[in-house]
Amino acid sequence: MATRLAFLRAINLGARRKFAKDRIVAATEAAGFTDVTTYINTGNVRFDTRMRSRARIEQALEAAYLDEAGFEVPTITFTPAEIVAIRDEALRLEHDGRHYVSLLKDEPSPTTSAALERAVAAAGGSGERLHVSGRAVHLLLGENYHEARLDNAFLERSLGVSTNRNLTVIRALAERWCG
């Protein structure tokens, strides 16, 4: 059995995309996964599986979540080691403001990553920057996230499906679920 962490995109944001933790657990178990637990109500799920393929795991979860919630729930999975690496990378980045991590469904090519970093740096002026590392994009922002130019919507236009968490959540998950 292997442990995986799933991050659900765009749930519990408004009246129409409600997906309670107990329903997430039930759907995850119905898809055949075991030892399921969640952390806060933003779509963070830990489970065990015999499946090896990330794509197959994500497809199974997305089908189960659609059945249970009644709407599509894009789902992105990582191994515990990958989450620890993302946390460790975040700790190496020096930043005084807000730090969010967008978790990507697919890893961008090095060319795409470099071009995105250059474009953001060239725009300058706002003090915001990003750092792409595999399937994680670190958004280094000012104090007010809601006024940021860099956000998950911006990244999805450039890099495809993603969901973001603040660094506090990434740290908590690494400590709770990744040994």
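The values are calculated or read from the model by the stated rules, or taken from the named source; none is laboratory data. Keep in mind it's a predicted model, so treat the numbers as computed, not measured. Cβ atoms come from the backbone with ideal geometry, glycine included; neighbour counts cover every protein chain shown.
Per-structure values
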item: Given (1) part of a strand (DSSP E or B); (2) of a type in the set (Val, Ile, Thr); (3) without any contact (Cβ under 8 Å) to a residue 60 or more places away in the chain, index of the condition residue 3 fails; result: (3)
item: Members of region 122-148 that are among the hydrophobic types (A, V, I, L, M, F, W, C) and either within 21 Å of residue 7 (Cα to Cα) or touching a strand residue (DSSP E or B) at 6+ places or on another chain (Cβ under 6 Å) (or both); result: 130, 132, 136, 137, 139, 140, 141, 148
item: Cross-chain or 6+ apart pairs with Cβ under 6 Å, region 91-120 first and without any contact (Cβ under 8 Å) to a residue 60 or more places away in the chain, then of a type in the set (Lys, Arg) and assigned to a loop (DSSP other than H, G, I, E, B); result: 104/135; 107/135
item: Selected residue (only one of 38, 49, 34 is more than 26 Å from residue 137 (Cα to Cα), in contact (Cβ under 8 Å) with a residue 12 or more places away in the chain, outside the structural domain of residue 172 (by TED's automatic domain parsing) and crowded, with 19+ Cβ neighbours inside 10 Å); result: 49
item: Yes/no for residue 135 being free of Cβ contacts under 8 Å to residues at least 24 places away in the same chain, within 28 Å of residue 23 (Cα to Cα) and basic (Lys, Arg); result: no
item: Some residue of region 13-24 being closer than 27 Å to residue 132 by Cα and either in contact (Cβ under 8 Å) with a residue 40 or more places away in the chain or of a type in the set (Asp, Glu) (or both); result: no
item: Every residue from region 55-75 that is touching a residue at least 40 places away in the same chain (Cβ under 8 Å) and in a helix (DSSP H, G or I); result: 57, 58, 61, 65, 67, 68, 69
item: Answer residue from region 149-158, given it is touching a strand residue (DSSP E or B) at 6+ places or on another chain (Cβ under 6 Å) and touching a residue at least 40 places away in the same chain (Cβ under 8 Å) and is nearest to residue 121 (Cα to Cα) among those; result: 155
item: Output for region 53-90, where each listed residue is polar (S, T, N, Q), surrounded by 13 or more Cβ atoms within 10 Å (Cβ to Cβ) and over 12 Å from residue 19 (Cβ atoms); result: 59, 77, 79
